[in-house]
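Below is one structure, written out as C-alpha cells; the observations come after it.
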C-alpha cells in the first residue's frame with residue numbers, strides 16, 4: 001500500500017472526528033451533515049473514502065469543519081431563497097388557475113342566480129352555459145334548464161291567473177244564460193210529446209254539467225282545491241252514462257264512435273261520482289277528437305285498488321305531447337286543445353288518492369290507467 005500526501009507541506013494534524021465513507025450509508029451521512037452544520041465549535045475532520053475516479057485507491061482528507069459549515073449554511077440559504085421563489089410562483093399559478101377555473105365561473109353562476117331572482121321573466125338574465133364537461137359546466141347547463149323551467153312555470157301561472165279573471169267575469173253571465181236554459185227545459189218537460197220527454201232529461205243533464213264545469217274550471221284557474229262528495233256506486237252504471245253522453249252515429253264527415261264497457265256490474269267504489277264522470281268523459285272525448293272510433297273501458301280489483309284501463313283505437317299520441325302530457329295549456333295532443341282536460345283529470349284522480357298514468361300509446365291506440373282505492 002502506498003500513502004501519498006497531497007495539498008500539504010507538513011504532516012496533517014490529528015483529527016477530532018473520523019468519517020469513513022466506506023462503512024456508512026446515506027441516512028447516516030445525512031444525519032452527520034446536519035450535526036456538523038449546527039455545531040458551534042470547530043473540529044478537525046478526517047474523511048476516508050474510495051476514489052470515484054480510480055477504483056481501489058483510498059482517499060483520506062483532513063479539513064477544518066468551520067469553513068465547510070460556512071459553505072453548507074450559505075448553500076442552504078440559497079436553496080431556501082430559491083424554494084421560496086418557486087413556492088411563490090407556484091402559489092400564484094395555482095391561485096390564477098383556481099380563480100379562472102372555479103372562482104370566476106362560480107361568481108358568474110351566483111350573479112346569474114341573483115339577477116334571475118330579481119326578474120325571472122327577463123330572458124336576458126338566463127345564464128349562457130359554457131362547453132365545459134366538468135362539474136362547473138354541468139352546473140351551468142342545469143341552471144339554464146332550471147331558469148327556463150321556472151320562467152315557463154311563472155308564465156303558466158300568469159296565464160292561469162288571466163284565465164281565472166276571464167272566467168270570473170263571464171261566470172255570472174254564463175250562469176244566467178244556463179238558468180234560462182233550465183227554465184226552458186222545465187217547460188219542455190211539460191209537453192206531452194214522447195220524443196220531447198225523451199230528450200228533455202238529457203238536455204237538463206247537459207245544462208247541469210255545463211254549470212258544474214264552469215264552476216270547477218273557475219276553481220282550478222283560481223287555484224282552489226277540489227271538493228269531493230264521495231258516495232258508493234256501481235262503476236258500470238257510470239261508464240254507461242259516459243257511453244250515452246259521448247256516443248256519435250256515423251255521418252258523411254265522421255265515422256261512428258262508441259264506448260264499450262267491460263266493467264262487471266259488481267265492481268263498485270266510493271268516490272265523487274260527478275268528478276269521476278268528468279275524468280272518463282275527458283278521456284273518451286280526447287280519443288274521439290283524435291280520430292278513434294271505439295273506446296274500451298275495463299276494470300279489475302287488485303290488492304284493495306281498482307285498476308281501470310281506458311283503451312282506444314286511435315292513431316296514438318304525438319311524441320311532442322308526451323313530455324308535458326298532464327301539464328295545463330301544454331299537454332294537448334291535438335291542434336286547438338287547451339291541455340286542461342288531462343291536467344284536471346289527473347288532479348281529480350289524485351284528490352281521490354289515486355293516479356292517472358299513460359300506460360301505452362302507438363299506432364294501434366292509446367291506453368290510460370286510473371289507479372283508485374276501492
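All of the numbers you see were taken from the coordinates with simple rules; none came from a lab. Predicted, not measured: the structure shown is a model, and the values here were computed from it. With ideal geometry, Cβ positions are generated from the backbone for all residues, glycine too; neighbour counts draw on all protein chains shown.
Projecting label points 7 angstrom from Cα along Cα→Cβ for residue 289 and residue 146 puts them 3.6 nm apart. Ranking of 234, 99 by neighbouring Cβ atoms within 10 Å, starting from the fewest: 99, 234. Which distance in Å, rounded to a whole number, links the C-alpha centroids of the range 89-118 and the range 32-50? Cα centres, the range 89-118 to the range 32-50: 54 Å. Our summary gives the range 227-373 a relative contact order of 20 percent, counting only alpha carbon pairs under 8 angstrom and 6 or more residues apart. Kirkwood radius for the range 227-373, taken over all pairs of different Cα atoms as the inverse mean of 1/r, rounds to 15.5 Å. As a calculated quantity, the FRET efficiency between residue 227 and residue 260 at R0 = 22 Å, using C-beta atoms, amounts to about 0.10. Taking the alpha carbon gyration tensor of the range 50-181, multiplying each eigenvalue by 5 and rooting it gives semi-axes of 81, 15, 9 Å, largest first.
Within the range 244-374, antiparallel bridges make up roughly 85 percent of the DSSP beta bridges whose residues both belong there. Were the residues from residue 122 through residue 301 laid out at 0.36 nm apart, the gain over their Cα-Cα distance would be 59.4 nm.
Over the range 255-332, the pair-distance histogram of Cα-Cα distances with 5 Å bins from zero comes to 3, 13, 19, 23, 19, 15, 7, 1 percent, rounded to whole numbers. Spin-label pair residue 20-residue 100: with each label point 7 Å from Cα along the Cα-Cβ axis, the two points sit 5.9 nm from one another.
Shape summary of the range 1-116, radius of gyration then Dmax from alpha carbon positions: 26.6, 91 Å.
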